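Student: Sharing a structure below in structure tokens format, with a few things to ask.
The values are calculated or read from the model by the stated rules, or taken from the named source; none is laboratory data. This structure is a prediction, so every number in the text was calculated from the model and none was measured. All Cβ positions, even for glycine, are placed from backbone atoms using ideal geometry, and neighbour counts span all protein chains on display. Note: areas computed on protein heavy atoms with side chains; ligands, DNA, RNA excluded. Shrake-Rupley method; radii C 1.70, N 1.55, O 1.52, S 1.80 Å.
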Amino acid sequence: MLFKQAESYAILDRYLIIQKTYVRRLLIGRIRGILNKSSPNAFKDERFQGLVDAAREAAEFIDEKSSEGLFFVVLCHIDCDGLASGAIVGKALMRMNVPFQVRAVKQFEEAVLRECFEESRVIILTDMGSGNLDVISKIDGGERVVVLDHHQPMLEYIKKFKGIHVNPHLFGLNGASDISGSGVSYIMAKFLNPLNIDLSPLAVVGAVGDMQNKNEERRLIGFNEAIVRDAVESSLLKIERGLMLSGRETKRLHEALASMLTPFIPGISGEEDKALAFLVSIDIPVKTGQFWRTPADLTKDEEEKLLNNLTAYMASKGIAQEEIMQLVGESYILVNEQRFTPLRECREYSALLNACGRLGKYGLGIAIAMGDRSRNTLNEAYATLDAYRRSLATLMNEVVRNPSRLINTDEFIIVNGSGLIPETLLSTVASILSSNYIKPLIAFTDTSEGMVKVSARAPRQLVNAGINIASIMAEAAKLVGGTGGGHDVAAGALIPVEKRSEFLKIVSNLLRKP
Ligand code: C5P
Ligand code: C5P
Ligand code: ZN
């Protein structure tokens, strides 16, 4: 019987097997769905009341449908926040003992949604959907769709949509900085069962993966702060402050320095030999005896010395002070994860989920996020993270050194990734590179379906001055027969190949508009 149930928890391709074992283990101690009607403590702040109430409504709906024996399909995006959202909802459904499937997709597609629709199904869209309400509101059975998202919503379709829509923008919050898709999913999950508080670290990982910590001291703000508090109060997370070297406990010092991608340090990021030479040049020992040192081995004085030298070096490369300041800040440590592994610190964990998703191993990412810690799964995930970091560093250096790939115009920076940058890595390359400029950045590459994928980023200063890159992407894409949207600081589009120049021209004009 258990196995029969486990089969319906299909989690994609070959990871199904892992999940079966995992599900069997978990179901033994399962807790039936307990709808938690009272507002969880951390969420009592009145700034968040509208969002929290909407999430409660979603939980009530899911609880009601689960008692009708319906099958649930959770659709999520392939990036870190998407996979974390899918895993949060998946785990919450698993605890309710309802049959479900989590499915990760590169982007929202009407055809996929239609495929998921059968009489007896409830569709939960996580980290996607708000920008596609035009399509969802047209579909028969739309009243069985729950959208748990943080993208800018299509306001004109909100009333037409008959399902449940939970989105921070509807309640005066910003989905780019206050809460991620996994955060929204987490609030809902916590209403389903208070024990889902143990999913709070995943919501922190999702927010960090979406770069929502690009604030002073790299701190999570807004609703994300309440989620961090939940995780700290449940003794699952602790906050450490200092130099933001990735792989604090896992990498050799020079490897950690070279794997720093945000902020990107030209001539050091992705180049271990140069990182090693840099450390040697400033007299920081890279070994103690015969053993390599890790960032965690640095003394306070050494950390300060490294920071001062990196600051001076980055300033000499013309990098903005605001970006240099991202070298220092808060790290979120997951205390129940094994030390010296990439899952121990939220930025590395988020890089690992991004790696799984962006290198096509969605099932692996979801399995990790849902708690699979079997040796084979972990080894494959770590190898995927290494491969991802290597590909990114190679791509970044290729783009930075090639003036025909990185074009500086009056209105924006263009990154031409055609024939070089895989569509799934475009977003990360755009995010990393954009940090170096105070202009918007528009990156594009060709997709396997013969379209052009666009990733656009706008510096916070311009957004504060009134530029909304999501609205620009949506408008420009619509004018050339494509789709677009996202957040005020980070958005994207999918457009026909032959419309690329026209699209760029429209974007340029829209950016020039007062
Ligand atoms: O689809 P989703 O909302 O999860 O993706 C948000 C994207 O925006 C991520 O790729 C994230 O890296 C990017 N982002 C960014 N800079 C920010 C905020 C988000 O590049 N300040
Ligand atoms: O793909 P990338 O991370 O660059 O996308 C940035 C943001 O724009 C993401 O939040 C993504 O979900 C959103 N986006 C969108 N519609 C598109 C492409 C991207 O809403 N057609
Ligand atoms: Zn997201």
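Student: Between Glu411 and Asn97, what is the spin-label point distance in nm, taking each point 7 Å from the Cα along the Cα→C-beta axis?
Tutor: 5.9 nm
Student: A follow-up question, please. Any chance you could look up the accessible area of Thr483 with a 1.4 Å probe, heavy atoms only, rounded to 10 Å²?
Tutor: Probe radius 1.4 Å; accessible area of Thr483 about 90 Å².
Student: What do you reckon, how do Ser431, Ser67 stack up by accessible area (1.4 Å probe), largest on top?
Tutor: Ser67, Ser431
Student: Take Glu322, project a point 7 Å from its Cα along the Cβ direction, then tell me which residues of the range 193-228 have their backbone nitrogen under 14 Å from it.
Tutor: 214-218
Student: Quick one: accessible area per residue over the chain, 1.4 Å probe, rounded to a whole number of Å²?
Tutor: Accessible area per residue: 40 Å².
Student: By DSSP, what percent of the beta bridges with both residues in the chain are antiparallel, rounded to the nearest 5?
Tutor: 55 percent
Student: Also, quick follow-up: Place a +1 charge on the Cβ of each Lys and Arg in the chain and a -1 charge on the Cβ of each Asp and Glu, then give the dipole magnitude about the Cα centre in debye, rounded to the nearest 20.
Tutor: Dipole magnitude for the chain comes out near 640 debye.
Student: Additional query: Can you compute the modelled spin-label distance between Thr311 and Ala277, with each label point 7 Å from Cα toward Cβ, in nm?
Tutor: 2.6 nm
Student: Also, quick follow-up: Alpha carbon centre of the range 136-161 versus the range 395-457: separation in Å?
Tutor: Using only Cα atoms to place each centre, the spacing works out to 31 Å.
Student: Quick one: pull the percent of accessible area on the range 405-514 belonging to carbon and sulfur, 1.4 Å probe, ligands and nucleic acids left out.
Tutor: The computed percentage sits at 54.
Student: Could you calculate the contour length gain from Glu304 to Ile239, that is, 0.36 nm times the residue separation minus the distance between their Cα atoms, to one decimal place in nm?
Tutor: Roughly 21.5 nm would be gained on extension.
Student: Could you rank His77, His150, His487 by how accessible they are, 1.4 Å probe, largest area first?
Tutor: Order by accessible area, largest first: His77, His487, His150.
Student: Can I ask one more? Pairs to check: Lys106/Lys238; Lys65/Lys91; Lys214/Lys274; Lys238/Lys317; Lys274/Lys453. Give those whose C-alpha atoms are more than 24 Å from each other in this structure.
Tutor: Distance filter (> 24 Å) returns Lys106/Lys238; Lys214/Lys274; Lys238/Lys317; Lys274/Lys453.
Student: Next up: Dipole magnitude of the range 243-332 about its Cα centre, charges +1 at Lys/Arg Cβ and -1 at Asp/Glu Cβ only, in debye to the nearest 20?
Tutor: Here the range 243-332 has a charge dipole of around 180 debye.
Student: Also: Given a Förster radius of 22 Å and the C-beta distance between Asn336 and Glu225 as r, what FRET efficiency does 1/(1 + (r/R0)^6) yield to the nearest 0.05?
Tutor: Calculated transfer efficiency: 0.55.
Student: Using 0.36 nm per residue of separation minus the Cα-Cα distance, give me the extension gain between Ser418 and Ser448 in nm, one decimal.
Tutor: Extra length available between Ser418 and Ser448 comes to 9.7 nm.
Student: Here is a follow-up. Rolling a 1.4 angstrom probe over the protein chains, ignoring ligands and nucleic acids, what is the accessible area of Thr341 in square angstrom, nearest 10?
Tutor: Rounded to the nearest 10, that gives 20 Å².
Student: Using Cα centres only, tell me the gap between the range 61-80 and the range 489-507 in whole Å.
Tutor: Comparing the Cα centres of the range 61-80 and the range 489-507, I get a distance of 33 Å.
Student: Here's something else I'd like to know. Please list 3J(HN,Hα) in residue order for the range 165-170, calculated via the Karplus relation 6.51 cos²θ - 1.76 cosθ + 1.60 where θ = phi - 60°; whole Hz, with x for glycine and proline.
Tutor: 10, 10, 7, x, 4, 6
Student: Counting only protein chains, not ligands or nucleic acids, how are Arg390, Arg347 ordered by accessible area (probe 1.4 Å), most first?
Tutor: Accessible-area ranking of Arg390, Arg347, largest first: Arg390, Arg347.
Student: How far, in nm, would the chain grow between Glu64 and Asn402 when pulled straight, counting 0.36 nm per residue and subtracting the alpha carbon separation?
Tutor: Taking 0.36 nm per residue and subtracting the Cα distance, the gain is 116.0 nm.
Student: Mean separation of Cα pairs under 8 Å and 6+ residues apart, divided by the residue count of the chain: what relative contact order is that in percent?
Tutor: 12 percent
Student: For the chain, take N as its residue count and report Rg(C-alpha) divided by 2.2 N^0.38 Å.
Tutor: 0.94
Student: So if I place +1 on the C-beta of Lys and Arg and -1 on the C-beta of Asp and Glu, and nothing else carries charge, what would the dipole magnitude of the range 402-512 be about its Cα centre? I want it in debye, nearest 20.
Tutor: 200 debye
Student: With 10 Å bins from zero, work out the P(r) of the range 243-332 over every alpha carbon pair and list the percent per bin.
Tutor: 18, 57, 23, 2
Student: What does the accessible area of Met211 come to, in Å² to the nearest 10, when a probe of 1.4 Å is used?
Tutor: Surface accessible to solvent at Met211 totals approximately 60 Å².
Student: Is it possible to state the helix-based mean residue ellipticity at 222 nm for the chain, with each DSSP H run of 4+ residues giving -39500 (n - 2.57), the sum divided by total residues, to the nearest 500 deg cm²/dmol? What is it?
Tutor: -13500 deg cm²/dmol
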